[in-house]
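The values are calculated or read from the model by the stated rules, or taken from the named source; none is laboratory data. Every value quoted in this text rests on a predicted model; they were computed, and no experiment measured them. Note: ideal-geometry Cβ built from the backbone for every residue, glycine included; neighbour counts use all protein chains shown. Note: accessible area is taken over every heavy atom of the protein model, side chains too, but ligands, DNA and RNA are not part of it. Shrake-Rupley method; radii C 1.70, N 1.55, O 1.52, S 1.80 Å.
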Amino acid sequence: MKIKKAVFPVAGLGTRFIPATKAMAKEMLPVVDKPIIQYAVEEAFAAGIEQIIFVTGRGKKALEDHFDRCFEIELSLKNKGKQDLLKQIQELVPKTGTIVYTRQNEPLGLGHAIWCARDIVGDEPFAVLLADDLIQTDKPVLAEMVKKFDRLRASMAAVMEVEKDQTDKYGILEATQVEDNIFRIDDMVEKPLPEEAPSNLAIIGRYILTPRIFELLGKGKMGAGGEIQLTDAMKSLLKEQPIFGYKFEGKRFDCGDKVGFQMANLAFALERPDMRERLIRFVNEIQKSF
Ligand code: G1P
């Protein structure tokens, strides 16, 4: 039971980044020099995923073009002898047929977006990646989860502790630690107010799910924010199957938030030898005026 398919819900309008996202998909916003979506796609391939399923919507054409060949640019780079860049853009394009697109034609929430991929995924366990959650780590999260799945054979979500006053931004768990970094989930609730949250252990956008989730999502039950929530379907799944939380190592950035996005840019740029020194000098300098 290998995890071969990964679903990427990418239909969101990105209104938080208007005007940048008026005519551009929010997933194409760059962190340093790579679109946010590319980090997640690379993470999926590195975890052994063979098929990427984008659940898109209107205005996402740039995403399709990004993962396709562009002969014009390739020719121009070749003529200019820019072999490095040529290699980079060629490597970016997955083998033909490994990316599948389907559309979510109503904005009914994350759970609904995943349900839209049901026929493409079929009857096998699969991964879900929310590209907004960008994780800087030496141990790429999905690959670690795939390893855990091989052993635990159950659905799983990446988790981290959040500030107690932030629980209303996340799916929050009631869970029991069973191993280093592994929790058995007892209950979960989508975006509870801090005073109602069972803990401060939050779901972050990496999941491995068994296909039974599609039937539960198919019931179309509306949850928090009037949307079909993945967390609610997982809560129903809990009654039938165990679900685990994997507490990942690394730093997570919320690229769906303007400040989180800026932090991600700075953190990823600081990892780059060609940018690091100048940036540190700049940060030290402006810090004096804070
Ligand atoms: C979604 C999920 C939520 C999860 C979060 C992680 O929420 O519904 O359970 O904690 O992603 O980023 P969203 O951020 O789409 O509102």
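Within the stretch 204-220, the set of residues being within 14 Å of the ligand (Cβ to nearest atom) and either open to solvent by less than 10 Å² (accessible area, probe 1.4 Å) or without any contact (Cβ under 8 Å) to a residue 12 or more places away in the chain (or both) comprises Ile204, Gly205, Arg206, Leu209, Ile213, Leu217.
For the stretch 172-198, the tally of residues that are touching a strand residue (DSSP E or B) at 6+ places or on another chain (Cβ under 9 Å), away from the ligand (no atom under 13 Å from the Cβ) and either in a loop (DSSP other than H, G, I, E, B) or closer than 20 Å to Gly256 by Cβ (or both) stands at 3. Residue count for the stretch 169-203 under the criterion of being among the hydrophobic types (A, V, I, L, M, F, W, C), surrounded by fewer than 20 Cβ atoms within 10 Å (Cβ to Cβ) and out of contact with any Gly (no Cβ under 9 Å at 6 or more places or on another chain): the result is 2.
Restricted to the stretch 17-48, and to residues there that are β-branched (Val, Ile, Thr) and out of contact with any strand residue (DSSP E or B) (no Cβ under 9 Å at 6 or more places or on another chain), the residue that is surrounded by the most Cβ atoms within 10 Å (Cβ to Cβ) is Thr21. Of all the residues in the stretch 147-168, those that are open to solvent by 20 Å² or more (accessible area, probe 1.4 Å) and touching a residue at least 24 places away in the same chain (Cβ under 8 Å) number 10.
Pairs are defined by a Cβ separation below 6 Å, a sequence spacing of at least 6 or placement on different chains, a first member in the stretch 102-114 that is polar (S, T, N, Q), and a second member that is assigned to a helix (DSSP H, G or I); the pairs so defined are Gln104/Ala113.
Every residue in the stretch 251-271 that is in contact (Cβ under 8 Å) with a residue 12 or more places away in the chain and in a helix (DSSP H, G or I), please.
Within the stretch 251-271, Lys258, Phe261, Ala264, Asn265, Leu266, Ala267, Phe268, Ala269 qualify.
Within the stretch 235-254, the only residue that satisfies the criterion of being in contact with a Gly (Cβ under 8 Å, 6 or more places away or on another chain) and within 10 Å of the ligand (Cβ to nearest atom) is Asp254. Summed over the stretch 226-252, residues that are open to solvent by 10 Å² or more (accessible area, probe 1.4 Å), over 18 Å from Glu144 (Cα atoms) and in contact with a strand residue (DSSP E or B) (Cβ under 8 Å, 6 or more places away or on another chain) total 7.
Restricting Lys95, Lys80 to residues that are surrounded by fewer than 16 Cβ atoms within 10 Å (Cβ to Cβ), among the basic types (Lys, Arg) and at pLDDT 95 or above narrows the list to Lys80.
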